[in-house]
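Take a look at the structure below.
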Amino acid sequence: MGSGLIKSLFPLLLHFTINYSSTLPTPLNTSMHSVNMKHILKWSPLQASCSTVNYSVQFQGEYEFYKLNGTWMNAYDCQEISENRCDLTHDLASNSDYSIRINTNCDGHKSWTQLPATFNRRDTVLLAPKMTVNVEGDPIQVSFSTTLSDMTVNLKVWKEGDEQNALIYAIRAYPYQFSIAAHRGQEKMCFRAEAVVEAINKICSIDTQCVIIPEQTSDFVKPMIVSVAVVVAVVMAFILGWSATHFGPQIKEICHREPIPSVLLDDWPTSTTILCTAVPLEPTDLLLLPAVQLEGTV
């Protein structure tokens, strides 16, 4: 009787399995993009008609596999997300081979897709920092722009043609800047650097730059120029004041005021005529009244 029940239920179980699995296509083209120790997992969107779809990411390193009996850890910032990317920079924090998988939830139906190969942060691509040499100030400033937050820059400095006597400086903290004194107006100074990420034991080189260090105005020249300018201003003020004192009367004689001729004063009215604008009134007619003689008058 038991075997008959199993035989009767087997077609139903097979039908349910086929229909259920057919509704769960998995994401395709899963890949890891890692540049300058920033690890981004990407995958293609789910090709299915779902009213709601979200993704959850898990990872498993060597510690989780051997010490935690194969436990899968949830990526903290990538649980039930709608985007098809996940930043795993802080999750993959050791030089371990990580297995990574994605759980797809389509209207309550779930499926898993695993990254084809394990990922190790040693595989990250290092981009060389951009080196800038500023020779305008004193001392010379050398700076490096990069997105790496944990690296060491080894800076090599020498006079052009004398690399065997180069000096090497280590810059270990952000911002990655260094000040160096140099002999101005002499031969070119050359700079070359390499960025070292000790956590993954990786190095990338930075191209050499050779620049001419121009002459700079000495420290005592600038105050001298200011002093000369002040003296010139004081002398000019003194000359202008002395000229006004000694040549003022002569200027007044040359540019004296001529009196107004008496002829003009006699004809000039003593008072100013005030012009008023007449306000138009309504037109009126002259009314003539006949003289009436009263009784008793002669």
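Take the conditions at positive phi, at pLDDT below 90 and open to solvent by 30 Å² or more (accessible area, probe 1.4 Å) and apply them to Asn29. Does it pass?
yes
With within 30 Å of Ser49 (Cβ to Cβ), surrounded by fewer than 14 Cβ atoms within 10 Å (Cβ to Cβ) and either touching a helix residue (DSSP H, G or I) at 6+ places or on another chain (Cβ under 9 Å) or not acidic (Asp, Glu) (or both) as the only criterion, which of Pro116, Pro175 stands out?
Answer to the selection: Pro116.
What's the number of the only condition in (1) surrounded by 13 or more Cβ atoms within 10 Å (Cβ to Cβ); (2) at pLDDT 90 or above; (3) outside any helix (DSSP H, G or I) that Thr71 fails to meet?
For Thr71, the exception is condition (1).
Tell me, yes or no, whether segment 87-99 has at least one residue that is assigned to a strand (DSSP E or B) and closer than 14 Å to Trp43 by Cβ. Spell out how you get there, then give the answer.
To start, the set of residues in segment 87-99 that are assigned to a strand (DSSP E or B) comprises 87, 98-99.
Keeping just the survivors that are closer than 14 Å to Trp43 by Cβ gives 87.
Looking for residues that are assigned to a strand (DSSP E or B) and closer than 14 Å to Trp43 by Cβ, one finds at least one in segment 87-99, hence yes.
Cβ-Cβ under 7 Å, sequence separation 6+ or interchain: first residue in segment 28-54 and farther than 25 Å from Leu127 by Cα, partner open to solvent by 40 Å² or more (accessible area, probe 1.4 Å) and assigned to a strand (DSSP E or B). Which pairs?
Between residues of segment 28-54 that are farther than 25 Å from Leu127 by Cα and residues that are open to solvent by 40 Å² or more (accessible area, probe 1.4 Å) and assigned to a strand (DSSP E or B), the close pairs are Leu46/Val53.
When Met189 is evaluated against the numbered criteria (1) open to solvent by 50 Å² or more (accessible area, probe 1.4 Å); (2) free of Cβ contacts under 8 Å to residues at least 60 places away in the same chain, which criterion, by number, is the only one it fails?
Every condition holds for Met189 apart from (1).
Going by what's in this entry, would Lys159 be described as more than 29 Å from Asn29 (Cα to Cα) and not small (Gly, Ala, Ser)?
Judged against the criteria, Lys159 is a match.
The values are calculated or read from the model by the stated rules, or taken from the named source; none is laboratory data. The structure displayed is predicted, hence computed values, not measured ones. Here the Cβ is made from the backbone with ideal geometry for all residues, glycine too, and neighbour counts use every protein chain on show. Heavy atoms of the whole protein, side chains included, go into the accessibility calculation; ligands, DNA and RNA do not. Shrake-Rupley method; radii C 1.70, N 1.55, O 1.52, S 1.80 Å.
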